[in-house]
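Since every read-out is calculated from the coordinates, none of them should be taken as a lab result. Everything quoted here is computed from the prediction, not taken from an experiment. Cβ sites come from the backbone with ideal geometry, for glycine too, and all protein chains shown count toward neighbours.
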Amino acid sequence: MSERPDHRQAPVLEALAAYHARGELSFTPPGHKQARGADPEVRRLLGDAAFASDLLASGGLDERRTRGRVLERAEELMADAVHAAHTFFSTCGSSLSVKAAILSVAGPHEKLLIGRDAHKSVVSGLIVSGVRPVWVEPEWDRERHLAHPPAPAAYEAAFAAHPDAKGALVTSPTPYGTTADLRALADLCHARGKPLLVDEAWGAHLPFHPELPTWAMDAGADVCVTSIHKMGSGLEQGSVFHLGGDLIDPAVLASRADLLGTTSPSVLLYAGMDGWRRQMMLHGRELLGGALDRAAKTRAAIDAIDGLRVHGRADFCGPGLGHDLDPLPVVIDVSGLGTSGYRAADRLRERHGIDAHLADHRRISTQLTHADDESTTALLLAALRALVAEASSLGPGPEVVVPAPEQLRLEQVMLPRDAYFGPVEDVPAAEAVGRVTAEMLTPYPPGIPAALPGERLTEPLLHYLRTGIAAGMNLPDAVDTSLGTVRVVAEPV
């Protein structure tokens, strides 16, 4: 048995240090030439260190034929760290990585089972690829109007109805922290010789502490996509996707990523991912253990504030709910204050300088990571106590009319690609009922489309979105973000 590699190494960071030590003079992009040409105000704000490490991946960080294997060695170390067979770095975010995963499994008009709580990037992958989605229903909490990952039984039923499906995709954890039963999903997929893809964008930290939910690679997933910038220490857009098993050719996965990715990857993002892996392998258990302790204390302290309710395992896990829960996303129900999550989030930012991760009609989420400490959680608690004291000035705001789950689900009558690229027209929202949408209508964050291209619009769904916008919902994907008009497939359909 070969020895494990030395995780004190950080190939990208070491190559950067060597580049600086050599004092190389670049006659290549980027044009700022190690900050010398950058605008002085930009240099003052960002600092020259950012520019000094912004260089070509080949012909800069590595030689022009990449014989130093800098990126390859960093990816090998990451794969070893998380028990994957292969790992690929992406500087285009998990939005690209999940598209590459989809394209590695299915092609135009082929079927893929997908949880309907999928992120907009998955829908974008369907539009690009022409893959035919078979939607699998999430577990819906009717009391709290919240979706959790679909149960294995739902995927099993979908496979029974569509045995020609090429594989399955599930989102786990959700932005609210609940996870799917990944081991059961992997087993039922593999019993059919089909791969399991996991959009684990919110789970970069999961492999590095035993008290966190099961990591997708350890559960037997074939491809796992994770965002290092979300729960880790990487820079925005830093993503990795991991491959296990033998159902997907690593060369095919790499080729699909290359088809979509940039030819000018950011070395800064590579460095962030490389450094995160080293940090976690050397100190992750200690850092995440501290984060879990702080999260437990913070949850208890928030739950003790009158009018606030912190959702935990008792609320989010069990039959008909999520399988497990990551406690670091601290989800707070503010409906006891007589206001909406939108208003609470806006007040926290405007008056107290606190940014919540997401907000909906009754909740906010305040995400904790290993980077938080007693000072940051103390500021959060102080702001929440002040929010409660100010509750009477917030007001209830317009009501968001959230339909029952069966009314939220729309009929898919066209492939997403055909609806998106076909003839379209913009019609008043009142005339859009019964029409087939040609755009995504996505409350953001968390970025899960309420309607996607090819689905037939209904009055309850449109009323939900219109009342949501009036209450503070953000709908950035729509051509008309106020939803006065909706882009639909031109008649006839």
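Some values worked out for this structure:
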{"quantity": "Ellipsoid equivalent to region 285-394 - semi-axes via the Cα gyration tensor, in Å", "calculated": "22, 18, 11"}
{"quantity": "Under-5 Å amide H pairs with residue 66, H placed in peptide plane, nonlocal only", "calculated": "59"}
{"quantity": "Amide hydrogen neighbours beyond the local backbone of residue 134, cut-off 5 Å, H modeled", "calculated": "112, 113, 114"}
{"quantity": "Note, ³J(HN,Hα) from phi for region 246-259, Karplus 6.51, -1.76, 1.60, rounded to Hz, x at Gly and Pro", "calculated": "10, 7, 10, 6, x, 5, 5, 4, 5, 5, 5, 5, 5, 4"}
{"quantity": "Separation in nanometres of the label points that stand 7 Å from Cα toward Cβ, at residue 36 and residue 264", "calculated": "1.9 nm"}
{"quantity": "Members of 120/194; 194/297; 33/99 lying beyond 31 Å, as alpha-carbon distances in this model show", "calculated": "194/297; 33/99"}
{"quantity": "Over region 5-149, equivalent-ellipsoid semi-axes from the Cα gyration tensor in Å", "calculated": "40, 20, 17"}
{"quantity": "Using a Förster distance of 22 Å, the FRET efficiency for residue 411-residue 481 (Cβ separation, nearest 0.05)", "calculated": "0.35"}
{"quantity": "Radius, Kirkwood style, for region 405-489 when every pair of distinct Cα atoms is counted (Å)", "calculated": "12.4 Å"}
{"quantity": "For region 232-332, alpha-carbon Rg over 2.2 N^0.38 Å", "calculated": "1.51"}
{"quantity": "Table column - 3J(HN,Hα) (Hz), region 141-158, Karplus curve with 6.51, -1.76, 1.60, x for Gly and Pro", "calculated": "8, 5, 5, 9, 6, 9, 9, 10, x, x, 7, x, 4, 5, 5, 4, 5, 5"}
{"quantity": "For region 279-309 versus region 130-153, the gap between their alpha-carbon centres in whole angstrom", "calculated": "28 Å"}
{"quantity": "Computed label-point distance, nm, for sites residue 26 and residue 346 using a 7 Å Cα→Cβ extension", "calculated": "4.3 nm"}
{"quantity": "Ratio of the Cα radius of gyration of region 11-278 to 2.2 N^0.38 Å, where N counts its residues", "calculated": "1.08"}
{"quantity": "Stokes-Einstein D (µm²/s) once Rh is taken as the Kirkwood radius of the chain over alpha-carbon pairs, at 10 °C in 1.306 mPa s", "calculated": "66 µm²/s"}
{"quantity": "Calculated [θ] (222 nm, deg cm²/dmol) that DSSP helices of n ≥ 4 give over the chain, each run adding -39,500 (n - 2.57)", "calculated": "-11500 deg cm²/dmol"}
